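The values are calculated or read from the model by the stated rules, or taken from the named source; none is laboratory data. Predicted, not measured: the structure shown is a model, and the values here were computed from it. Here the Cβ is made from the backbone with ideal geometry for all residues, glycine too, and neighbour counts use every protein chain on show. Heavy atoms of the whole protein, side chains included, go into the accessibility calculation; ligands, DNA and RNA do not. Shrake-Rupley method; radii C 1.70, N 1.55, O 1.52, S 1.80 Å.
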Amino acid sequence: MSAAGSNVRENWSARSGFIFAAVGSAVGLGNIWRFPYVAYENGGGAFLLPYLIALVTAGLPLLFLDYIVGHKYRRSAPLSYQQITAKAESIGWWQVMVCLFIGLYYASVLAWAASYVYFSFGQKWQADPENFFTNQYLQSNTLQSGSSAGLSLDIIPHLFFPIVAMWLIVLTILLLGIKRGIEWSNKIFIPLLMVLFLILVVTAVRLPGAMTGLDAFFTPNWQAMSSYKVWLAAYGHIFFSLSVGFGIMVTYASYLGKKVNLTASGLVVGLANSSFELLAGIGVFAALGFMAQVQGVPVSDVVKGGIGLAFIVFPKLISSLGSGGDWFGCLFFSCLVFAGITSLVSVMEVPISAIVDKTGCQRKTAVLGVGGGTALVSTLLFSTASAMMLVDIIDHFINNIGVVLGALLSIVLVAWLMRSKLSEYTRHVNAISSIKLGKVWQILLMVVTPLSLIVALVLTMSELFSAGYGDYSRAMVMTFGWGSVLCCLLGAILLPYLPHQKNKRGDAKSTTSIRESHHE
Ligand code: ALA
């Protein structure tokens, strides 16, 4: 029976299908677009060590927890948490809302990347990539000043069509279901991405001046590291990058068979993701080193940081390479597109599976309703001159508050409120995995991870309350920053009241057994 047309929950065809999909989810714009600019803004070398510490103390422990929760309960995020205790369903809906907000702006950056594949041919940004990106392409300079600075609702056709195209691709993959859609697209895109990306990084590090950039990336800056902001950025980034703490890995692990080596799979995914991230850092900083040499300035002064980094640095680099740079640009932006599509698919799978599980509706209905609705809002908001501001504000609030709080709540639930679960989960995972989890994992989850997240959250929120965010008007930060957080809260409170039609879609356990007997 086709999954798209039935209510039987699908499985991955094999563990490799899951690993491809999980790597495809983790490796995304976060690695290639976000990591380099966050690292650049936080002093390059000063960011690397906090990032690695955040990975080990928070990212990986939570990755294993997400896998276990999804695998053990075999349900979408809200219904998996509900299995732990009824009230915890809200945590899952919070994560669903976080995914919807990520989906809104993620598609926009993806569409920029797709446009830049085209702009690379003939280097359409000409002499001034910064002006081209901000003013000619995104038209941010057309926004009016004043308290509503930044809000425009006029559709710009060259932003509109690429974003529509990205949504069509993503929704088609989702409509095809778990095996034929998500698994197959990842099996094609991920190997392609790896090959293209390696070619790109090798080319970048061979540029003259690349070593200066790499020095800036790899030399720890102890003084900058004493700033708590660098640590906040690292903890704010790690969950987004690994796709943990906002329902994705719970959902993907719920499509696994019963006997699967969870910890080894988790390590493969974690390692692949961080390798990609470091490679992206190497590629971008090598390019920055090259540009620093061309411009005769230090690496830290080459460009303005921020969300435009990838869209400004690479065009500048491409221009410096002459006409041969066209293919280099095409390669880089194609990598962004491939990586981004597989991640956006995973982001949207969270609300889709949650709605299917909860209401018993057909997958197709959920894809068209939830996915189509998100696509519509995303297209209308992000085809305007406000796109850059909205990406920046929503990304900052949703990552640093939405994702971090969702992650923290799931850890507090399991490690503090329902402490017996931690031993139960350890037994569950160790019974099927080659690498055993033990006291270190438990202590990280009980003490180190929650405490570091609480500190990160309190500091981020007090900073945002007192200083606002960036140069944006208070009205915009309130509406789109705090407004997004408020929407997540409302979703977490109200969505558990959606009618739960267990019987219509069949008993989850019995469909699970059908899948297992079929696949194992
Ligand atoms: N993990 C995905 C990314 O890095 C969301 O882009």
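Some values worked out for this structure:
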quantity	calculated
Euclidean distance between Cα centres, region 178-238 to region 73-97, Å	32 Å
Virtual paramagnetic centre 7 Å along Cα→Cβ of Val202, amide N under 16 Å, in region 327-364	328, 331-332
Solvent-accessible area per residue, Å², over region 181-227 with all protein chains present [probe radius 1.4 Å]	53 Å²
FRET efficiency for Leu168 and Leu192, using Cβ-Cβ distance with R0 set to 30 Å, rounded to 0.05	0.90
Carbon plus sulfur fraction of accessible area for the chain, probe 1.4 Å, in percent	67 percent
Per residue, the convex hull volume that the Cα atoms of region 219-270 enclose (Å³)	94 Å³
Cα extents of region 429-468 along the three principal axes, largest first (Å)	49, 15, 9
FRET efficiency estimate (nearest 0.05) - Cβ-Cβ, Asp215 to Asn131, R0 25 angstrom	0.25
nm² value of the averaged projected area, convex hull over the Cα atoms of region 90-201	10.8 nm²
Radius 12 Å from Cβ of Gly181, net charge of other residues (Lys, Arg +1; Asp, Glu -1)	+2
Equivalent-ellipsoid semi-axes of region 140-215, from the Cα gyration tensor, Å, largest first	33, 29, 10
222 nm mean residue ellipticity, helices alone, for the chain (DSSP H n ≥ 4; -39,500 (n - 2.57); rounded to 500)	-21000 deg cm²/dmol
Separation of alpha-carbon centers, region 330-401 and region 417-460, rounded to whole Å	29 Å
Ellipsoid equivalent to region 149-283 - semi-axes via the Cα gyration tensor, in Å	30, 25, 20
Links that overshoot a 27 Å alpha carbon limit, given the list Lys187/Lys229; Lys179/Lys439; Lys124/Lys304	Lys187/Lys229; Lys179/Lys439
For region 417-464, accessible area per residue (1.4 Å probe, heavy atoms of protein chains only), Å²	52 Å²
Crossing angle, helix 420-432 versus the chain [Cα axis fit, 0-90 degrees, rounded to tens]	80 degrees
Largest-first principal axis extents of the Cα set of region 316-380 (Å)	56, 22, 14
Size descriptor, Kirkwood hydrodynamic radius, that averages inverse alpha-carbon separations across region 455-495, Å	11.1 Å
Net length gained if the chain between Ala475 and Lys258 were fully extended (0.36 nm per residue, minus Cα distance)	73.1 nm
Binned Cα-Cα distances of region 354-482, short to long, each 5 Å bin given as a whole percent	2, 9, 13, 12, 12, 13, 14, 13, 8, 4, 1
Stokes-Einstein diffusion coefficient of region 397-473, Kirkwood radius over Cα pairs, 4 °C, 1.567 mPa s, in µm²/s	91 µm²/s
Reciprocal of mean inverse Cα separation for region 285-420 (Kirkwood radius, Å)	18.8 Å
Calculated on alpha-carbon atoms, Rg and Dmax of region 346-400 in Å	13.6, 39
Qualifying lysines (Cα of each under 21 Å from Cα of Lys436; at least 8 residues distant if same chain)	Lys72, Lys258, Lys259, Lys421
Degrees separating the helix 15-26 axis from the principal Cα axis of the chain, which is the longest one	40 degrees
Per-peptide average of other Cβ atoms within 10 Å, ordering 280-292, 84-96, 433-445 highest first	280-292, 84-96, 433-445
Under 20 Å from Lys358, Cα to Cα: aspartates and glutamates that are on another chain or at least 8 residues apart	Glu10, Asp66, Glu89, Glu349, Asp507
Between 0 and 90°, nearest 10: helix 157-175 axis offset from the chain longest Cα axis	30 degrees
Taking the convex hull of Cα positions in region 34-108, its mean projected area over all directions (nm²)	6.3 nm²
The chain: Rg to Rh, with Rh as the Kirkwood radius over Cα pairs	0.95
Cα pair distances exceeding 24 angstrom across region 1-157, given as percent	59 percent
